[in-house]
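Student: I'd like to ask you about the structure that follows.
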Amino acid sequence: MTRDTDGDEAPTNLDLTRLLQNLTVESDRYAERFGAAHGLHRTDVNALGVIMDAARRGVPMSPGALAKELGLSPSATTALIDRLQALGHVERSRPSGDRRRVALEVPEAAVEANRHLFVPLAAAFARSWAGFSAEERAVVARFLAVSTEAMKDVSAEWEPPQDRAQRRR
């Protein structure tokens, strides 16, 4: 790791930012390989992650919530869900009691089929974290959580340059 200041034992803010950027780039590469292996676009992979995360938290994922999470239009979201459903990665269901609502679920067969890609990553992570104490893991977890929230906050404020230019006209 390159230090921004000489003699300082702790990584600087810039060092940490660079490390997070490196992790993000490698994560993107992994997701790209995963998508290519399953015939999925990058947005499809992101959608699967969002839907599976919601399921892990016990929160139903609707097409509208998915569109908001991914920043997609309703028509783009419908096309995305149609692609995922055609490939067997997602199912639409109607929660009992309200036929107007649609919930998105990842069928167990798709979860099982995709495990072989994520189990090796989880095992590699576990090996690399084996030397961390419980206290160190707590700090890392807090660091990652607050860093993720900071990224979400800044992303929510960001406006693409073309949108700014159109607004000025």
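Student: What order, most packed first, do the peptides 43-52, 18-27 have when packing is the mean number of other Cβ atoms within 10 Å of each residue?
Tutor: Top to bottom by mean Cβ count within 10 Å: 43-52, 18-27.
Student: About its Cα centre, how strong a charge dipole does region 13-113 have in debye, to the nearest 20, once Lys and Arg get +1 and Asp and Glu get -1 at the Cβ? Don't skip to the end; give the middle numbers.
Tutor: Values: 13 positive and 13 negative charges, 75 e Å.
With only Lys, Arg, Asp and Glu charged at Cβ, the dipole is about 360 debye.
Student: Counting only chymotrypsin sites (Phe, Trp or Tyr not before Pro) that sit in a DSSP loop (anything but H, G, I, E, B) with at most 16 other Cβ atoms within 10 Å, what is the longest stretch of the chain containing none of them?
Tutor: 1-131
Student: Please give the helix 42-57 orientation as an angle from the longest Cα principal axis of the chain, in degrees from 0 to 90, rounded to the nearest 10.
Tutor: Rounded to the nearest ten degrees, it is 90.
Student: Could you state, as a whole-number percent, how many of the C-alpha pairs of region 58-155 are farther apart than 16 Å? Numbers along the way, then the final one.
Tutor: Working: 3422 of 4753 pairs.
Result for the distance tail: 72 percent.
Student: Using each residue's phi in region 20-37, evaluate 6.51 cos²θ - 1.76 cosθ + 1.60 at θ = phi - 60° and report the 3J(HN,Hα) Karplus result to the nearest Hz, with x for Gly and Pro.
Tutor: Taking θ as phi minus 60°, the curve returns 5, 4, 4, 4, 5, 4, 5, 5, 4, 4, 4, 5, 4, 5, 4, x, 4, 5 Hz for region 20-37.
Student: How large is the dipole of the chain about the Cα centre if only Lys and Arg carry +1 and Asp and Glu carry -1, each at its Cβ, rounded to the nearest 20 debye?
Tutor: Values: 23 positive and 24 negative charges, 176 e Å.
The calculated dipole for the chain is roughly 840 debye.
Student: How much length would be gained if the chain were fully extended between Val139 and Val59, taking 0.36 nm per residue of separation minus their Cα-Cα distance, in nm to one decimal?
Tutor: Contour length minus the Cα-Cα distance gives 26.1 nm.
Student: Restricting everything to alpha-carbon atoms, can you work out Rg to Rh for the chain with a Kirkwood hydrodynamic radius?
Tutor: That ratio equals 1.03.
Student: For every helix of n ≥ 4 consecutive DSSP H residues, a contribution of -39,500 (n - 2.57) applies; sum these over the chain, divide by its total residues, and give [θ] at 222 nm rounded to the nearest 500 deg cm²/dmol.
Tutor: The per-residue figure over the chain is -23000 deg cm²/dmol.
Student: Quick check: convex hull over the Cα atoms of region 13-113, volume per residue in Å³, rounded to an integer?
Tutor: Output value, Cα hull per residue: 123 Å³.
Student: Any idea what the relative contact order of the chain is, in percent, if you count C-alpha pairs under 8 Å spaced at least 6 apart? Don't jump to the answer; show the numbers that get you there.
Tutor: On the way: 97 pairs, mean separation 21.0, N = 169.
Rounded, it is 12 percent for the chain.
Student: Could you tell me which of Ser128, Val111, Ile81 has its Cα farthest along the dipole of the chain towards the positive end, charges placed at Cβ (Lys, Arg +1; Asp, Glu -1), taken about the Cα centre?
Tutor: The Cα lying farthest towards the positive end belongs to Ile81.
Student: Which listed residue (Met61, Leu14, Ser27) has the Cα farthest towards the positive end of the charge dipole for region 13-113, taking +1 on Lys and Arg C-beta and -1 on Asp and Glu C-beta about the Cα centre?
Tutor: Going by the charge dipole, the pick is Met61.
Where a number appears in this text, it was derived from the coordinates with a stated rule and is not lab data. Bear in mind the structure is a predicted one, so any value in this text is a computation, not a measurement. Backbone-built Cβ (ideal geometry, glycine too); neighbour counts: all protein chains shown.
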